[in-house]
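As structure tokens, the structure follows; a few thoughts come after it.
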Amino acid sequence: MLGVEKVALNIQQMLFEFLGGLGIFLFGIKSMGDGLQNSAGDRLRGILDKFTTNPLMGVIAGIFVTVIIQSSSATTVITVGLVSAGFMTLRQAIGVIMGANIGTTITAFIIGINVGEYSLPIIALGAIFLFFFKKGKRLTYLGQILFGFGALFYGLELMSNGMKPLRTLETFHELTVELSANPFLGVFVGTLFTLIVQSSSATIGILQSMYAESLVNLDAALPVLFGDNIGTTITAVLASIGTTVAAKRAAATHVLFNVFGTALFLIFLAPFTLLIRSLQALLNLSPEMSIAFAHGIFNTTNTILLLPFVSVLAFIVTKLIPGKDTMWSYQPKHLNPIFIEQSPTIALGQAKEEVLNMGEMAILGLEETKNFIDLKQMKYANNLYQIETAINHLDQTITEYLIKLSSASLSVKKSEEHIILLDTVRNIERIGDHCENMIELIEFQMINKVTMTDAAKNDLDEMYDLTISIVKEAMSALKQNNKDTARQVIERETMIDVMEQQFRKQHILRLTEGVCTPKAGVIFIDIINNLERIADHAVNIADAVLGEHN
């Protein structure tokens with residue numbers, strides 16, 4: 001009985017050390033990544049957005065961002081989001097995904113340094129910077145990096161200690177032999193484990209520890225390493241659910257890239273294993289560093305081989321995931337900075353085209369919001385969120401362009417048009433914000449299962465249709481510089497004001513009679529308030545056309 005209890009106690013200790021070490025390791029990776037990201041500033045999304053003009057630049061951007069945030073999954077998720085929002089094409093995304101796979105190997109090389117015996121002093125030093133130097137942000141970020149760095153190695157030490165007793169288990173030896181004899185089993189084990197843990201850095205770190213403790217040999221470790229790379233793709237797949245077809249294709253590319261690499265390296269497993277053994281002997285590599293080199297060679301070779309075939313990959317995933325993508329391109333089409341210096345008048349015309357394009361998006365956002373109010377289908381909410389992101393992006397881009405243009409020589413008439421465009425950009429951006437407010441109100445309604453009366457729905461339909469009509473007329477007045485249409489917008493907006501007051505009174509009457517619930521009432525009042533504000537912004541655009549700036 002004592003022997004059984006001792007075995008049970010050992011198993012408990014093994015599990016506690018392994019799972020606790022895994023938790024500390026993952027926290028360390030996150031802390032180090034957060035510290036590096038904060039040090040770099042919140043510009044990583046912008047790097048992916050701007051510096052991906054071709055697949056090769058995409059690879060470089062993907063490597064850089066992944067090294068900073070210490071997570072290829074996070075880089076890929078950001079990339080999927082950018083593709084979904086229309087800021088990045090599929091071909092650009094493929095380059096970034098390849099770069100992310102190379103960038104994530106840095107973590108394995110860090111682990112290969114193996115400074116585990118100094119992990120606790122490093123954690124202590126990081127804690128000192130975190131808790132005693134709160135005024136200096138840079139020192140705080142340094143504390144995050146050091147604390148995460150130390151926690152990473154301390155977690156590995158705990159996991160390694162937890163796995164040591166496995167040497168004595170005959171069953172584990174049999175599994176190792178089976179993994180060595182059957183590479184496909186190793187790939188499956190690596191894929192499954194990474195699917196569960198959701199971090200290839202963690203699973204590769206565990207593999208490095210197991211190899212260092214002689215729990216697995218190199219023949220068994222390499223197929224597991226390949227499987228780890230396949231398993232990490234699940235994060236991008238999950239991120240693409242419910243997004244655009246282009247985003248799904250980007251996630252599929254990530255899967256295809258790693259599956260292709262695994263298949264290729266399995267075919268040449270024997271020479272690859274011999275290569276790693278040769279490097280191990282030649283460079284006197286530690287076991288951890290040997291796995292890091294194998295990981296780096298795997299992803300770098302895979303990228304070099306597939307980079308010339310980005311178009312082929314894009315074609316394959318397009319065939320695998322058919323369908324017409326509903327994605328809109330949100331990058332500015334007309335803002336050429338050369339015209340600011342060479343021809344300010346043309347530059348102003350270009351800016352107006354972009355403002356009109358922004359206005360079309362706002363109208364589209366209004367229509368998607370109306371669809372969500374009527375049908376309660378999340379695809380319309382997701383579309384609006386993408387449109388709102390695009391509107392915010394264009395707001396910043398157009399405003400910066402117009403500010404640069406303000407220093408150029410413009411006639412009095414063109415200067416007035418310049419002011420009109422600046423005012424209009426601000427008003428369109430606010431229309432997008434109000435659409436987002438209404439989406440959030442309907443999401444609240446759906447979550448809390450709040451129902452509205454038919455009378456309230458009819459009131460909303462009537463007011464919404466008039467609001468969309470007014471916004472369309474305001475943008476038409478701007479496009480044609482039509483003062484009559486602008487005056488018509490102002491006249492019709494008074495109908496919105498009357499409607500809002502009338503519908504409020506009717507709502508209060510429904511509440512008094514107990515026909516409407518208080519929650520439904522709050523949602524109703526907030527929606528008509530947002531509609532009234534949208535109409536006000538349409539009037540501001542009309543006023544700008546008439547020369548009556550706010």
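The values are calculated or read from the model by the stated rules, or taken from the named source; none is laboratory data. From a predicted model like this one, the values you see are computed outputs, not experimental measurements. So basically every Cβ, Gly included, is an ideal-geometry build from the backbone, and we count neighbours across all protein chains shown.
Each residue in the stretch 389-416 was checked for being closer than 25 Å to Leu364 by Cα and among the charged types (D, E, K, R), and 2 pass. Do we have any residue at all in the stretch 375-389 that's crowded, with 19+ Cβ neighbours inside 10 Å, over 20 Å from Ser469 (Cβ atoms), of a type in the set (A, V, I, L, M) and more than 26 Å from the chain's Cα centre (by Cα)? For the stretch 375-389, residues crowded, with 19+ Cβ neighbours inside 10 Å, over 20 Å from Ser469 (Cβ atoms), of a type in the set (A, V, I, L, M) and more than 26 Å from the chain's Cα centre (by Cα): absent.
Considering each residue of the stretch 314-323 in turn, none proves to be of a type in the set (Ser, Thr, Tyr), buried (at least 20 other Cβ atoms within 10 Å of the Cβ) and not in a loop (DSSP other than H, G, I, E, B).
The C-beta contact set for the stretch 256-268 (first residue assigned to a helix (DSSP H, G or I), second residue surrounded by fewer than 23 Cβ atoms within 10 Å (Cβ to Cβ), distance under 6 angstrom, 6+ apart or interchain) comprises Gly261/Asn302; Phe265/Phe272; Leu266/Pro183. The residue that is surrounded by the fewest Cβ atoms within 10 Å (Cβ to Cβ), among those in the stretch 180-200 that are of a type in the set (Ser, Thr, Tyr) and in a helix (DSSP H, G or I), is Ser180.
One residue alone among Gly20, Gly3, Gly46, Gly33 is assigned to a helix (DSSP H, G or I), modelled with pLDDT of 65 or more and surrounded by fewer than 18 Cβ atoms within 10 Å (Cβ to Cβ), and that residue is Gly20.
Quick grid of which residues meet (1) modelled with pLDDT under 90; (2) not hydrophobic (A, V, I, L, M, F, W, C):
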position	(1), (2)
Leu274	no, no
Ser278	no, yes
Asn284	yes, yes
Glu288	yes, yes
Gly296	no, yes
Asn302	no, yes
Leu305	no, no
Phe309	yes, no
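Whenever a residue of the stretch 297-309 is touching a residue at least 40 places away in the same chain (Cβ under 8 Å) and among the polar types (S, T, N, Q), its partners that are surrounded by fewer than 21 Cβ atoms within 10 Å (Cβ to Cβ) and assigned to a helix (DSSP H, G or I), lying with C-beta atoms within less than 8 angstrom and at least six residues away or across chains, give the pairs Asn302/Phe260; Asn302/Leu264.
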